[in-house]
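Take a look at the structure set out below.
The values are calculated or read from the model by the stated rules, or taken from the named source; none is laboratory data. Only a predicted model underlies this, so the values are computations on that prediction, with no experimental measurement involved. Using ideal geometry, Cβ is built from the backbone for each residue, glycine included, and neighbour counts are taken over all protein chains shown. Protein only, heavy atoms only, side chains kept; ligands, DNA and RNA dropped before computing areas. Shrake-Rupley method; radii C 1.70, N 1.55, O 1.52, S 1.80 Å.
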Amino acid sequence: MYTTILNLHSYFAFIVLAILILAVINAISGLTSKRDFNLSKDFRVSLFALILSHLQLLIGLILFFVSPNGLKAITTNGMGGLSSAARLLAVEHPFINIIAIVFITIGWSKHKKVMESAKKFKLIAIFYGLGLLCLLSRIPWGQWF
C-alpha cells in the first residue's frame, strides 16, 4: 500500500505542477493583455489547479502517516536525530507544501470576491505563484528523477 501511495503522490505531482504553472501563466497573460476573466476558461483552469493541489495534499498527508520517512521517522529519531534528507521528507516538505496550498486557497477565495477582471487575474497570479514557488522549493528533486 505504501508503494502505491508513494507512486501516486510522485506521478500526480507532475500533473499538479503542470496545471498550476498553466494557471499562473494564464493569470499573468490575462493581466498583461487586459482581457476579461472568462468563466469557461480562466475560472476552470484556476479551479482545476485548486482541486488538484488539494487532492495532492490529501494524498501527501496519507503518505505522511503511512511512510517510514514521515511521522515514523520523527517518532523514531526525534526532531534532532534527522539527517538533512530525512528532515526534508519528514518536516520541510509537508510543512511548506501545506503553506503552498494555503496560498492557493487564499488566492481562490479572494479572487471570487472581486468583480474586476484585472484584480481577479492579479490575485490568482500572486497567490498561485507564491504557492507554486513554495511547492518548487521543497520538492525532493534528488529522489524525483
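The lone criterion from (1) closer than 22 Å to TRP141 by Cβ; (2) over 21 Å from the mean Cα position of the chain (by Cα) left unmet by THR32 is number (1).
Collect the residues in the range 78-119 that are within 11 Å of the chain's Cα centre (by Cα), within 15 Å of LEU130 (Cα to Cα) and open to solvent by less than 40 Å² (accessible area, probe 1.4 Å), keeping them in residue-number order. If the condition is that a residue be within 11 Å of the chain's Cα centre (by Cα), within 15 Å of LEU130 (Cα to Cα) and open to solvent by less than 40 Å² (accessible area, probe 1.4 Å), then ASN97, ALA100, ILE101, ILE104 are the ones that fit. Could you grab me the full set of residues in the range 11-51 that are in contact with a helix residue (DSSP H, G or I) (Cβ under 8 Å, 6 or more places away or on another chain), at pLDDT below 95 and open to solvent by 80 Å² or more (accessible area, probe 1.4 Å)? Result: LYS34, ASP36, LYS41.
Each residue in the range 120-137 was checked for being under 28 Å from ASN7 (Cβ atoms) and either surrounded by 19 or more Cβ atoms within 10 Å (Cβ to Cβ) or touching a Ser or Thr at 6+ places or on another chain (Cβ under 9 Å) (or both), and 5 of them qualify.
Just to be sure, is THR75 modelled with pLDDT of 90 or more, open to solvent by 20 Å² or more (accessible area, probe 1.4 Å) and hydroxyl-bearing (Ser, Thr, Tyr)? Here the answer is no, as THR75 does not meet what is asked.
Would a scan of the range 94-101 turn up a residue that is in contact (Cβ under 8 Å) with a residue 60 or more places away in the chain and within 25 Å of ARG44 (Cα to Cα)? Looking for residues that are in contact (Cβ under 8 Å) with a residue 60 or more places away in the chain and within 25 Å of ARG44 (Cα to Cα), one finds none in the range 94-101, hence no.
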